[in-house]
1. Compute the Cα gyration tensor for the range 104-259, then decide on rounded, prolate or oblate, letting a ≥ b ≥ c be the square roots of its eigenvalues: rounded whenever a/c is under 1.5, prolate when a/b is larger than b/c in the other cases, and oblate in all that remain.
2. Taking the Cβ of each residue in Asp82, Asp95 as the centre, tally the other Cβ atoms inside 10 Å and list the residues starting with the fewest.
3. Starting with the fewest neighbours, write out Glu233, Glu108 ranked by other beta-carbon atoms found within 10 Å of each beta-carbon.
4. Using a 10 Å cut-off on Cβ atoms, rank the peptides 11-17, 54-60 from the highest mean neighbour count down.
5. Where the centroid of each part is defined by its Cα atoms, how far is the range 23-85 from the range 111-137 in Å?
6. Note down the net charge around Leu226, summing +1 for each Lys or Arg and -1 for each Asp or Glu among other residues with Cβ under 9 Å from its Cβ.
7. Specify whether the C-alpha gyration tensor of the range 203-259 places it in the rounded, prolate or oblate class, a ≥ b ≥ c being the square roots of the eigenvalues: rounded for a/c under 1.5, otherwise prolate if a/b is larger than b/c and oblate if not.
8. How would the range 1-52 be classified by its alpha-carbon gyration tensor: rounded, prolate or oblate, with rounded meaning a/c under 1.5 and the a/b versus b/c comparison settling the rest?
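All of the numbers you see were taken from the coordinates with simple rules; none came from a lab. Owing to the predicted nature of the structure, the values given are computational and were not obtained by experimental measurement. Cβ coordinates were reconstructed from backbone atoms using ideal geometry, including for glycine residues, and neighbour counts include every protein chain displayed.
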Amino acid sequence: MLDPRTLYTINTDVFDDPESVGLPLLVSLTGFMDAGQVVAQVGEELVDVLDHDLVAEFDTDQLVDYRGRRPKITFVEDHLEDYKPHRLEIRRLYDGLGEPFLLLTGTEPDLQWERFVRAVVGLVEDLHVPLVSWIHAIPMPVPHTRPIGVTLHGNRADLIDGMNAWRPTAELQASIGHVLELRLIEGGHDVVGHVIHVPHYLSEAEYPPAAVAGLEYLGATAGLVLPTDRLRETGRDVERQIAKQVGNSTEVQSVVSSLEQRYDEYADGAARKSLLVKENSELASADEIGAAVEAYLASPQAEEESTLLWEAEFPGAADAGDQHEGEGRTP
């Protein structure tokens, strides 16, 4: 393997600053199972709202397949501008109380996974990161009228115990986050993964309420106050639109009611627990949820419900969603 340290360059002023040492690292990489575009929203919100400094930048020319995931560029009348190359960066940010933390954002690498992961683990060790928290989101057969669920995994028992009631075995498609989690644990580093549950019929469009939940859970595990005000406001607009569409269709009301009934029956049969509301409850494990979702989404019932709700709530959004194919869109 080539030297992982040649994959990135550091901003020495920030990297060597004592304030950059001993900070939690949040990881938000787009490109894998980003239902509701939760990961993209989380990363963008943190960078847009909070003060930040560049710590390290990865060489995406070595890591990203540009033909498979083409960057965006704008054509204006007779010239090109606003080229948006892929980026993979670690920044130092400051939360709502002025507490510093690190954030790794950008596009999930297509190439050299092990080398990239080894580079990140090396930076974790150099900066004495006490905890790595990462996030992704999956489509779930749940209604938008119920709280956003989450599944936690990793090696921090104090944060995970009580959240996952079952521990099945299932084979899943891996992401760079999964590999990073494995390698961090092998190296004796603390890591927690967050799987946000997004209503399957809303998984193709931006769903701000799920991004709010993602930020709150990341903040809870890392002890940070993360910004959610803008996403909450946008989420209220989306929820009003959904409520209007549901209210105008008895068919959609029936589908939502069916999802609510199944959700409530499941909640009654298996206690749930949330870091945020502190209820006495538990959630299924990530593997079990993944297997159950794949089975459900392959069923004719799920296809019928998803199509009906999608077309009713976001008319025309499916065409717009096609423009994002290959950039973290949920299959």
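1. Note, shape of the range 104-259 comes out prolate.
2. Least to most surrounded, the residues fall as Asp82, Asp95.
3. Glu233, Glu108
4. Per-residue Cβ counts within 10 Å, averaged per peptide and sorted highest first, yield 54-60, 11-17.
5. Result: 17 Å between the Cα centres.
6. Neighbourhood net charge equals -3.
7. It comes out prolate by the Cα gyration axes.
8. Since a/c reaches 1.5 but b/c is at least a/b, the shape of the range 1-52 is classed as oblate.
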